[in-house]
1. Among the helices (runs of 4 or more DSSP H) lying completely within segment 216-287, list those that include at least 2 residues that are touching a residue at least 12 places away in the same chain (Cβ under 8 Å) and assigned by TED's automatic domain parsing to the domain that holds residue 167.
2. Which residues, taken from segment 149-179, are in a helix (DSSP H, G or I), out of contact with any helix residue (DSSP H, G or I) (no Cβ under 6 Å at 6 or more places or on another chain), surrounded by fewer than 17 Cβ atoms within 10 Å (Cβ to Cβ) and without any contact (Cβ under 8 Å) to a residue 60 or more places away in the chain?
3. For the condition within 30 Å of the chain's Cα centre (by Cα) and over 20 Å from residue 89 (Cβ atoms), what is the one hit in 256, 300, 237?
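The values are calculated or read from the model by the stated rules, or taken from the named source; none is laboratory data. On a predicted model such as this, the values are computed, not experimentally measured, just so you know. Positions of Cβ are backbone-derived with ideal geometry, glycine not excepted, and every protein chain shown enters the neighbour counts.
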């Protein structure tokens with residue numbers, strides 16, 4: 001196991017030495033590569049960009065991450081386009097978010113490997129080498145999927161929030177359209193009423209896209225792709241078809257509003273139906289032993305005293 005750690009350290013040192021020779025390491029004087037005006041402009045843009053939730057990636061480290069990601073992308077291991085769509089559903093749309101995600105996918109397995117190895121060797125040693133190897137391999141495999149699990153959790157929470165707010169927002173949109181307001185004005189009113197949350201953010205982005213995109217259908221498709229919800233995709237498709245063929249938007253929105261509310265009610269009924277099986281194990285483990293103690297306890301005490 002120590003030999004494996006030594007090999008990993010040697011490989012990491014070799015990568016760092018290669019990047020140093022190529023002048024790719026940030027903040028290290030010595031051998032540096034010449035940069036053109038376009039590269040400097042790109043670096044300035046990357047250094048000024050911010051992540052969605054307020055964190056900032058320094059420009060020097062952004063260039064380092066970009067070099068690693070470009071190397072991995074050339075090998076075909078990861079797709080930047082898929083990662084961009086993946087992160088947009090979680091609410092991250094910054095310039096450097098894809099670089100951070102792909103770098104986390106690269107570093108996470110090695111981090112879990114080193115941590116589990118140190119844990120097994122020094123903190124909680126295991127005598128069986130096979131068991132130790134299986135634990136370390138399992139931890140490394142979990143580390144490979146850990147960044148994606150975090151993003152999936154964020155996507156599920158965001159979609160749950162949008163799903164719960166969408167029927168009410170659709171009703172407001174229907175009221176505005178039937179009152180004679182334009183689609184943009186109705187959407188603006190919905191955003192003002194919803195105010196906060198992922199749904200208001202997505203609708204604000206769609207409003208901005210409707211104002212500068214040449215094809216309005218593209219804005220609807222972008223909203224459906226960012227949310228990934230069938231209900232919103234159906235509404236976007238109905239809006240696109242209504243503008244293309246000149247059909248009334250209000251009638252389509254009314255039908256979709258009823259379907260959306262029925263879907264939310266069906267989801268609530270599904271959760272309620274799944275509650276009794278989930279309560280079975282806690283009742284057996286926690287309630288029944290206490291109940292038996294209360295019922296049989298006095299009788300057992302009497303028997304013991306009589307003996």
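1. Of the helices (runs of 4 or more DSSP H) lying wholly inside segment 216-287, those with at least 2 residues that are touching a residue at least 12 places away in the same chain (Cβ under 8 Å) and assigned by TED's automatic domain parsing to the domain that holds residue 167 span 216-227, 230-245, 249-273.
2. 149, 150, 152, 153, 156, 157, 160, 175 - these are the residues of segment 149-179 that are in a helix (DSSP H, G or I), out of contact with any helix residue (DSSP H, G or I) (no Cβ under 6 Å at 6 or more places or on another chain), surrounded by fewer than 17 Cβ atoms within 10 Å (Cβ to Cβ) and without any contact (Cβ under 8 Å) to a residue 60 or more places away in the chain.
3. Result of the check over 256, 300, 237: 256.
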